[in-house]
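Data block below; observations after.
A short reminder: the numbers here are calculations on the coordinates, not readings from a lab. Just so you know, these numbers come straight off a predicted model, no measurement behind them. Counting neighbours? That spans all protein chains shown, and the Cβs are built from the backbone with ideal geometry, glycine included.
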Amino acid sequence: MEKKKLNNQVSGEISRRLADAKKVVIASHVRPDGDAIGSLLGLGLALQEAGKTVEMILADGVPSSFKFLEGSSQVKKEPAGGHDTFITVDCADFKRTGKIFENFGQPDINIDHHKTNENFGKLNLIEADEVATAAILTNHLPGWGLPISKPAAAALLTGIITDTLGFRTSNVTPEALRQSATLMETGVDLPEIYMQSLVRKSFPAAKYWGAGLASLESKNGIVWGTLTLNDRKSAGYGGNDDADLINMISAIDGNKVGMVFVEQANNHVKISWRALQPGIDVSPIAKHFNGGGHAAAAGADIEGSLADIQKEAFAKTKELLNL
């Protein structure tokens, strides 16, 4: 109850801050997923419709699978002009906004649903019980005097759908379905968003995905896949993510945790964890590696060789989850 009361107070302060804002910069995390993009666009478009000047920034840009969203062409890789309000969405720690924001100053507003959020903003609206940051915005935008138009609703629904893997994660609640229904009432086509954001793949992405499936292994309640730099090159895949391989791994029966290792070009490895059974919280594992997330899904980007990081990550995953 105290947490809810505090969030209501913060929400009121955010409402007043947004009402006074004229030039807004909104950012989310590197290697953006559907919730990062959906939250960025949902809030950004709503603010634009209220007459604000808005710059929407993603250091890594918008992946091709989300360019169907209206407003995605406005997203830039770095801010260009001045601002009076700086907002981060769906970002558990400030460093994940990317190097372009290292000297940008403290965010005025930090909106997120990750339980590992470091409360790095001047105003922090953190609701870890929500399935997505887009769900938080769905709840609060009308109360901030920002009606949700059809384009903004499409972006927010994309955030909810992707972060729940199509309503398949263990944290899905009746409230999440009600939020989605509210967004659909603007005229948004849920099946089309589902197909675009979770099902359809480019040919290179499908080849890359296939390489990951061929690498699958399972042991001690953990099922995992590995994507190497050679896999990416052979497939002609231009991204640096797992092409949604983790979604496929999350559907494999008989395991407790799913993992994907994605080798990066700069002697780093990106790891994604998914809890495959209720009651398992993978966020402390990611936090150990200076990553973040929530109970059902988390990730980290770790410096080192693929072989060394896999060994360390398996050991810590088994230790923290008693596998």
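Using only Cα atoms, tell me the angle between helix 150-163 and the longest principal axis of the chain; keep it within 0 to 90° and round to the nearest 10.
30
Could you please tell me the mean projected area of the C-alpha convex hull for region 203-321, averaged over all directions and given in square nanometres to one decimal?
Spelled out: convex hull of the Cα atoms, projected over all directions, averaged, 6.6 nm².
Between GLU319 and SER15, what FRET efficiency follows from the Cβ-Cβ distance if R0 is 41 Å, with the result rounded to 0.05?
Step by step, r from the Cβ atoms, then E = 0.40.
Counting DSSP beta bridges in the chain, what percent are antiparallel, to the nearest 5?
In the chain, approximately 45 percent of DSSP beta bridges are antiparallel ones.
Taking the Cβ of GLY291 as the centre, find all other residues whose Cβ is under 10 Å away and add up their charges (Lys, Arg: +1; Asp, Glu: -1).
Local charge sum for GLY291: +1.
What is the order of PHE289, PHE167, PHE104, fewest Cβ neighbours within 10 Å to most?
Taking fewest neighbouring Cβ atoms as first place, the list is PHE167, PHE104, PHE289.
Hand me the GluC sites (Glu not before Pro) from region 35-98 located in a DSSP loop with no more than 15 other Cβ atoms within 10 Å, in residue order please.
Here the GluC sites (Glu not before Pro) that fit, given the DSSP loop and packing criteria, are GLU70.
Please list, in chain and number order, the residues 5+ apart from HIS268 or on another chain whose amide H is under 5 Å from its amide H, with Hs placed from the backbone.
Answer set, sorted by chain and number: GLY304.
Between GLU217 and THR182, what is the label-point separation in nm under the 7 Å Cα-to-beta-carbon projection?
According to this spin-label approximation, the distance is 4.6 nm.
Does anyone have the angle between helix 174-184 and the longest principal axis of the chain? Alpha-carbon axes, 0 to 90°, nearest 10?
Helix 174-184 sits roughly 60 degrees off the main axis of the chain.
Can you list residues whose amide H is under 5 Å from LYS201's amide H, if they're 5+ apart or on another chain and H is modeled 1.01 Å from N?
Amide H neighbours of LYS201: none.
Given the pairs LYS99/LYS122; LYS77/LYS270; LYS22/LYS150; LYS115/LYS207, which are separated by over 31 angstrom at their Cα positions?
LYS115/LYS207
With a ≥ b ≥ c taken as the square roots of the eigenvalues of the C-alpha gyration tensor of region 105-181, please select rounded if a/c is under 1.5 and otherwise prolate if a/b is larger than b/c or oblate if it is not?
Oblate.
Classify region 170-250 as rounded, prolate or oblate, taking a ≥ b ≥ c as the square roots of the eigenvalues of its Cα gyration tensor: rounded when a/c is under 1.5, otherwise prolate if a/b is larger than b/c and oblate if not.
Taking the square roots of the gyration eigenvalues as a ≥ b ≥ c, region 170-250 is oblate.
For the chain, set up a Gaussian network in which alpha carbons nearer than 10 Å are linked by springs, and say which option among LEU177, LEU123, LEU47 fluctuates the most.
The residue with the greatest mean-square fluctuation here is LEU177.
Label-point separation (nm) for GLU49 and ILE100, each offset 7 Å from Cα along Cα-to-Cβ?
Each label point is offset 7 Å from its Cα along the Cβ direction, giving 2.6 nm.
Counting DSSP beta bridges with both partners in region 203-321, what percentage is antiparallel, nearest 5?
If we restrict to bridges inside region 203-321, about 75 percent are antiparallel.
Using a 10 Å cut-off around each Cβ, can you sort ASP60, ASP33, ASP308 from fewest to most neighbouring Cβ atoms?
The fewest-first ordering by Cβ neighbours comes to ASP308, ASP60, ASP33.
Pick from VAL24, VAL199, VAL172: which is most flexible by mean-square fluctuation in a GNM of the chain where alpha carbon atoms under 10 Å apart are linked?
Among VAL24, VAL199, VAL172, the largest mean-square fluctuation in the Gaussian network model of the chain belongs to VAL199.
Can you classify region 2-198 as rounded, prolate or oblate using the Cα gyration tensor, where a ≥ b ≥ c are the square roots of its eigenvalues, rounded means a/c under 1.5, and otherwise it's prolate if a/b beats b/c and oblate if not?
It is rounded, given that a/c, with a ≥ b ≥ c, falls under 1.5.
Pick out which of ASN267, ASN240, ASN290 has the largest mean-square fluctuation in a Gaussian network model of the chain, springs linking Cα atoms closer than 10 Å.
Per the Cα network of the chain with a 10 Å cutoff, ASN267 tops the list.
Treating the angle as unsigned and between 0 and 90°, give the value, to the nearest 10°, between the Cα long axis of helix 203-214 and the longest Cα principal axis of the chain.
50
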